[in-house]
Each structure stands twice: as C-alpha cells, then as structure tokens.
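The values are calculated or read from the model by the stated rules, or taken from the named source; none is laboratory data. Fair warning: this is a prediction, and the values are worked out from it, not measured in the lab. Don't worry about glycine lacking a Cβ; one is built from the backbone with ideal geometry, like all the others, and counts go over all protein chains shown. The accessibility values were calculated without ligands, DNA or RNA, using every heavy atom of the protein model including side chains. Shrake-Rupley method; radii C 1.70, N 1.55, O 1.52, S 1.80 Å.
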Amino acid sequence: MDKLELKNMVRNIPDFPTPGVMFRDITTVLKDPKGLVLAVDAIAESLQGIDFDLVLGPESRGFIFGVPLAYKLQKGFVPARKVGKLPAETAKKSYALEYGTAEIEIHRDAISANSKVVIVDDLLATGGTAKAVADLVTELGAKVVAMSFLIELEQLKGRKTLADYENVKSVLVY
C-alpha cells in the first residue's frame with residue numbers, strides 16, 4: 001500500500017473552519033476509486049493479526065470506512081449513531097467536543113458480551129468520539145481489541161485520550 005500516494009490524495013484546506021486550522025479533506029480520497037480502495041485496504045492492513053468479530057463505525061464517516069472493511073474482512077458492522085436515530089433499545093454516552101458536548105448511541109443488542117470489537121473512523125483528533133464508543137462497547141460486556149483511523153492529527157493528542165486501549169492505529173499522521 002502506498003501511503004504517500006494516499007496522502008497526496010487528501011486535499012489540504014487552510015484556514016477552515018477557522019483561521020489557523022489546516023483542514024484535511026478526505027472527499028478527494030472518496031471520489032477517486034483508487035483512493036477509496038487504498039484507504040480501505042490500508043485500514044484492513046493496519047488490523048492484520050488482530051482477532052475480532054465486529055467493526056463499529058461512528059456516524060457518519062465511520063460508516064464510510066467501516067462497512068467496506070467489514071465486507072472485505074467478512075465481519076459484522078455496528079453503527080454508532082447520534083441520539084434519536086436508532087429504533088430499538090440503545091445504550092448512549094455523552095462526550096466532550098471542542099465547543100460543547102454530544103451524545104452517541106448503539107443498539108443494546110448489536111454487541112454481545114465477550115465480542116471482540118474494532119472501532120474504525122476517518123479521523124483521530126481529540127479522541128472523544130472513539131473513547132465514548134469504546135466505553136459503550138465495554139459497558140455492554142464486549143472488548144475493544146483495536147481502533148483504526150485513516151487520519152490522525154497528532155497535535156490534538158487523541159492517543160492520550162485512548163491510552164487505555166491497545167492497538168490504536170492510524171494510516172496517515174499529520
């Protein structure tokens with residue numbers, strides 16, 4: 001897998017959403033058939049040797065990478081959604097954002113006790129979303145065995161938030 005080729009497909013947008021921020025836009029990766037394949041394959045490669053049952057993807061970009069990954073590796077997929085979007089009984093967790101708080105939830109029956117779960121998302125920034133869904137997985141009696149992100153923004157120290165978890169992987173690090 002050519003990480004440099006994949007990194008070159010990411011569009012850099014300076015001063016978005018605020019001055020001084022360099023936004024890493026993955027829509028340029030997603031629209032390119034080769035880019036999408038490279039991204040999903042790179043995430044799959046980061047999980048080589050890890051035994052797991054389910055892929056969990058937080059809304060919405062975790063869906064984009066989680067579903068094709070689950071398909072490729074023949075695993076089940078569990079969506080973590082914003083509150084009010086899931087129809088059956090849910091477990092939910094609040095977490096901090098830069099500008100406030102949010103809540104995320106999963107169906108209580110989506111993850112069985114003792115399941116081994118991989119969390120997949122597009123971005124590791126502060127780690128708040130990943131930590132919230134990992135806490136939900138643990139509360140349901142399952143184990144988070146790995147997390148894999150397409151992009152990590154190292155300066156935001158998301159790995160520190162996820163320090164209690166093994167196998168935190170990032171394909172591209174900025």
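For the chain, the longest principal axis of the C-alpha atoms and the axis of helix 61-73 are separated by about 70°. Among the GluC sites (Glu not before Pro) found in region 91-174, those both in a DSSP coil and sparsely packed, with 14 or fewer other Cβ atoms within 10 Å of their Cβ, are Glu98, Glu166.
Just subtract the alpha-carbon distance of Thr27 and Glu45 from 0.36 nm times their residue separation and send over the number in nm, one decimal.
On the way: separation 18, 0.36 × 18 = 6.48 nm, distance 2.13 nm.
Residue separation times 0.36 nm, minus the Cα-Cα distance, leaves 4.3 nm.
All other residues with a Cβ under 11 Å from the Cβ of Lys82 taken together, and with Lys, Arg as +1 and Asp, Glu as -1, what is their net charge? Neighbourhood net charge equals 0. By the helix-only formula, in which each DSSP H run with n ≥ 4 contributes -39500 (n - 2.57) and the sum is divided by residues, the chain has a 222 nm mean residue ellipticity of -9000 deg cm²/dmol. Averaging the Cα positions of each part gives two centres, and for region 75-122 and region 153-174 these lie 19 Å apart. Of the residues Thr18, Thr129, Thr138, which exhibits the maximal mean-square fluctuation in a Gaussian network model of the chain defined by a 10 Å Cα contact cut-off? Its mean-square fluctuation being the largest, the pick is Thr18.
Of Lys116/Lys169; Lys116/Lys160; Lys34/Lys116; Lys93/Lys131; Lys3/Lys169; Lys31/Lys82, which pairs sit farther than 19 Å apart, going by alpha carbon to alpha carbon? Spell out each step's value before the answer.
Working: Lys116/Lys169 16 Å; Lys116/Lys160 22 Å; Lys34/Lys116 30 Å; Lys93/Lys131 10 Å; Lys3/Lys169 14 Å; Lys31/Lys82 25 Å.
Pairs exceeding 19 Å: Lys116/Lys160; Lys34/Lys116; Lys31/Lys82.
At a 1.4 Å probe, what is the % contribution of carbon and sulfur to the accessible area of the chain? Don't jump to the answer; show the numbers that get you there.
Numbers: 4600 of 9090 Å².
Of all accessible area on the chain, carbon and sulfur atoms account for 51 percent.
Looking at the chain, which longest stretch skips every one of the trypsin sites (Lys or Arg not before Pro) that is in a DSSP loop with at most 14 other Cβ atoms within 10 Å, leaving the sites themselves out? With a cap of 14 other Cβ atoms within 10 Å, the longest stretch comes to 86-156. Taking the chain as a Gaussian network of alpha-carbon nodes connected by springs under 10 Å, the highest mean-square fluctuation of the residues Asp121, Asp41, Asp15 belongs to Asp15. Seen against the Cα atoms of the chain and their longest principal axis, helix 128-139 is set at about 20 degrees. Relative to the dominant Cα principal axis of the chain, helix 33-46 is inclined by about 50°.
Which of the chymotrypsin sites (Phe, Trp or Tyr not before Pro) found in region 63-111 are in a DSSP loop and have at most 14 neighbouring Cβ atoms, other than their own, within 10 Å? Display every interim value, and only then the final one.
Working: sites: Phe63, Phe65, Tyr71, Phe77, Tyr95, Tyr99; in loops: Tyr99.
Passing both the DSSP loop test and the Cβ count: Tyr99.
Across region 27-174, the mean sequence separation of Cα contacts (distance under 8 Å, 6 or more residues apart), normalised by length, yields a relative contact order of 22 percent.
What number comes out for the charge environment of Tyr174, summing +1 per Lys or Arg and -1 per Asp or Glu over other residues with Cβ under 14 Å away? List each step's numbers first, then the result.
Details: positive: Lys3, Lys7, Arg11, Arg24, Lys157, Arg159; negative: Asp25, Asp122, Glu152, Glu154.
Local charge sum for Tyr174: +2.
Among Ile64, Ile119, Ile43, the residue with the largest mean-square fluctuation in a Gaussian network model of the chain, with springs joining Cα atoms closer than 10 Å, is Ile64.
What number comes out for accessible area per residue over region 29-173 if the probe is 1.4 Å? Units Å², please.
Numbers: 7150 Å² over 145 residues.
For region 29-173, the solvent-accessible area averages 49 Å² per residue.
Each Cα pair under 8 Å and six or more residues apart adds its sequence gap; the mean of these over the residue count of region 1-104 is a relative contact order of 16 percent.
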